[in-house]
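Report on the following structure.
Taken together, the values in this text are just the output of simple stated rules run on the coordinates, not laboratory data. All values derive from a computational prediction rather than experimental measurement. Neighbour counts run over all protein chains shown; Cβ positions are idealised from the backbone, glycine included.
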Amino acid sequence: MRYYRLDPIDDAAAAQGRWSLDAKRRWGLPGTECPRCHSSPLAIALNYPSVDLSKLHEEREYRKARVAPWDEYVQLRDRILPLLPPGAVVQPGIGMGPLAGRVRGRPSPVAMDSSWNLFAQPEGVERLLVAGLGGIKSVTTEIKAARDVPPLLEMELQVGGDYVPECRPAPAGEPCPVCGVQRRRRPAVGAEWLDSSAMHGLDVFRFTWNPAMTVASERFVAVLRDLGDTGIRVTEVAVRWPAEAGSSP
């Protein structure tokens, strides 16, 4: 199986240039700084649109983007853990709930406005499901569009995939005992091979080591190509079985 990176085409002549999105997510975890190691990671691509915080008594505390003290962040984080989908990666700044706003123009049946935001209209979702693809989960949005434009759904992508062992960033010291952040260093290997045994049946996902990178299988890409001009750039990534990582490309 071949795999590809998906990105919006930044070209006014492409389909991507014919639509735009102005929307905001309803809830999110605040940013913070670890009091021990002083790391302050902030997720920009980890969004869970299916998560509903409306029944939480503290729901309003998740509405405003801000930086919170560590102890407050931990309390807010722990309250929402039972509501997250299985396998969710939790970091400061994750977004939750549906996008609300307005789309201008006419998106294609499957579309992107950034390397980590994947959308689909009902036609696109149906085409992906009929193809039997893994990792397809569409979530209703509160995005308004012109009357003749189909509804825009957001794809909630799992985090998955891995490098072959030789290409994985290596730990540099012990993880922080407070926040768990693990410093890592890039390996000396010149290439970056993805481990084809670590895809776990997903045909589209956020890459483990870089959640802002959307990866799709050749089966997903085949549906994209059948849809015509989607405004999505498809770039093949190097994939090998672990045993092949030491061999020449």
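Here are some notes:
- Integer Hz, Karplus 6.51/-1.76/1.60 couplings in order for the stretch 23-28, x for Gly and Pro: 8, 9, 7, 5, 10, x
- Semi-axis lengths (Å, descending) of the ellipsoid that matches the C-alpha gyration tensor of the stretch 98-249: 33, 20, 12
- Assuming charge only on the beta carbon of Lys and Arg (+1) and of Asp and Glu (-1), the dipole of the chain about its Cα centre is about 460 debye to the nearest 20.
- Under the criterion of Cα pairs below 8 Å and six or more residues apart, the relative contact order for the chain equals 28 percent.
- Near Val223: Cβ cut-off under 15 Å, other residues only, Lys/Arg at +1 and Asp/Glu at -1. The net charge is -2.
- Within-11-Å neighbourhood charge of Ile80 [Cβ basis; K, R +1; D, E -1]: -3
- Since only Cys179, Asn210, Pro122 are under comparison, the one whose Cα sits farthest along the positive direction of the charge dipole of the chain, derived from C-beta charges on Lys, Arg, Asp and Glu, is Cys179.
- Its residues counted as N, the stretch 1-149 yields a C-alpha radius of gyration over 2.2 N^0.38 Å of 1.18.
- Listed as lacking a disulfide-compatible partner in the chain: Cys167, by the criterion of no other cysteine Cβ under 4.7 Å.
- Of His200, Ala131, Trp19, farthest towards positive along the dipole that unit charges on Lys, Arg, Asp, Glu beta carbons give the chain: Trp19
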